[in-house]
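What follows is a set of notes on a single structure, which appears directly below.
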Amino acid sequence: MSKSNEIYLSCSNIRSGFNIFRDNKILPCCYARSDDFVITRFLGDSSFDEFDRILREVKIYQEGLIQKHKNGNIPNCCKSCVYLQKKHWNTDHFNFNFLILNHYKACNLKCKHCFYIEENKDLTKDTPQDIVMNFIEYCRSKGLFKINSYISLGGGEPSINRKLLSLFEYCLEYKISLEINSNGAKFLPIIADGINKGIFTLYLSPDVGSKELFFQLKGVDLFDITWSNIKKYVNQTNGKAFVKFIIQESNKDDIENMINMCLKTGVKNVNLSFDFNIKESKYKYYKSSIEKFVFLCHKNQICCDINTYVPNLLLASLKDEQKLQFEKVIHNASGYVYFWGASHFLEQFLDNYVVDHKKIRGIIDRDTQKIGNSINGIAIYAPSILTVQKCDTIIISVAHNHIEIKDSITKFLKENSIKINNIVIWN
Ligand code: SF4
Ligand code: SF4
């Protein structure tokens, strides 16, 4: 396929990965759950020839879907998808980047909102773990897992599934990034170990911050255990474990309790998401809850990563909040300010916002390929600029790993005897 010059509605998921689902099904993304969206299936044969067929069919299906998007013939499932966006798509071809594993569904909770449990109660329909592992081995042997590739594990609850231990061990051995989504009701030392090795990313979903609501929503009395496990993960990983909240009807009034529990347990990184089953006409009912959540995170210096599932209409008001937060930092600075991180996050912000503050002196980044360039007219320097230029405030302008970056900046400043008044995490 040739490179496209057109602007059209499409998504990056169908260019970069797919989902191994239950019942041997392969789906194009984590969002699609309809049977119309089944790309192909494992036919129970674990040979590399069979896996060649799977990849060929994935490629043909995804190219066909891209073509449909290009022609404006958007399938129903894509029509309501938050990932669908209108833009210039640079690449038309499939570039393997992620593999989503939703091939099992056993769980120790009974959440009212769980579509996994509702949709399919029959555990015999799980896609066999040995086929999944053989397929992953096939992908690795073909060199498909590149530096930025990752496996994302949903399910079901991964911490109670013994079969998944082989996957954890495999990813650790071959250094394949693994994203784990867990309800937190069970602590697994191997997960903390994987986070500390920089191979695993963990998203824990307590959903709520109050005990009564937890029982109402999840049907089990595991609130204290869940939050004590969260504390354990946070402590044992130096704050790198994420706590994820999906804002929905049942928890939208529990925001203060959520943040209080995060503060009590030392959580430093949260991920805010939104129930994608909520219709657009209802967004306004959730606006104040989402804004309150982000405000309380900023107030308490908790890094809040906003998931793509937060609809654009709600994102717009969060961006206003982001600007206010930025203005406040600039206003409070008594000298020059540098951004730290020539990131995509900063680029997006600067695209929508004209920074004409005289206090902004530049962007600092360690990536030698970025140094010497600029973003929206703001020059990018190596950290050594701080040894020759005065600076009052550093704004950490990256989307992830704020705590580690703050630690590395502090170390750099100490090693070079540089005094800075303020290092601010901005998100
Ligand atoms: S637009 Fe949404 S539903 Fe369609 S392929 Fe992309 S992620 Fe899946
Ligand atoms: S923890 Fe997740 S998989 Fe388990 S019941 Fe709740 S929503 Fe479903």
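Just a few scattered comments:
- Applying the condition of being assigned to a helix (DSSP H, G or I) and in contact with a Ser or Thr (Cβ under 9 Å, 6 or more places away or on another chain) to segment 40-55 and asking which residue is nearest to residue 98 (Cα to Cα) yields 54.
- Qualifying residue in segment 46-64 (condition: basic (Lys, Arg) and within 10 Å of ligand 1 (Cβ to nearest atom)): no
- Only a single criterion out of (1) modelled with pLDDT under 90; (2) in contact with an Asp or Glu (Cβ under 6 Å, 6 or more places away or on another chain) is not satisfied by residue 87, namely (2).
- Residue 23 vs. criteria surrounded by 12 or more Cβ atoms within 10 Å (Cβ to Cβ), touching a residue at least 40 places away in the same chain (Cβ under 8 Å) and away from ligand 1 (no atom under 14 Å from the Cβ): yes
- Sole residue being farther than 22 Å from residue 227 by Cα, modelled with pLDDT under 85 and more than 16 Å from ligand 2 (Cβ to nearest atom), chosen from 175, 146, 142: 146
- Test result for residue 37, assigned by TED's automatic domain parsing to the domain that holds residue 114, surrounded by 15 or more Cβ atoms within 10 Å (Cβ to Cβ) and in contact with a His (Cβ under 7 Å, 6 or more places away or on another chain): no
- Any hit, segment 61-70, residues being at pLDDT below 85 and either surrounded by 14 or more Cβ atoms within 10 Å (Cβ to Cβ) or within 16 Å of ligand 2 (Cβ to nearest atom) (or both): no
- Test result for residue 420, at pLDDT 90 or above and either of a type in the set (Gly, Ala, Ser) or not assigned by TED's automatic domain parsing to the domain that holds residue 296 (or both): yes
- Flag if residue 237 is more than 16 Å from ligand 2 (Cβ to nearest atom) and touching a helix residue (DSSP H, G or I) at 6+ places or on another chain (Cβ under 6 Å): yes
- Residues of segment 4-30 that are within 20 Å of residue 104 (Cα to Cα) and more than 16 Å from ligand 2 (Cβ to nearest atom): 17, 18, 20, 23, 24, 25, 26, 27, 28, 29.
- The combined condition, being of a type outside the set (Val, Ile, Thr), under 19 Å from residue 140 (Cα atoms) and surrounded by 15 or more Cβ atoms within 10 Å (Cβ to Cβ), is fulfilled by residue 16.
The values are calculated or read from the model by the stated rules, or taken from the named source; none is laboratory data. If you're wondering where the values come from, they're calculated on a predicted model, not measured in any experiment. Reconstructed Cβ throughout: ideal geometry from the backbone, glycine too, with neighbour counts over all protein chains shown.
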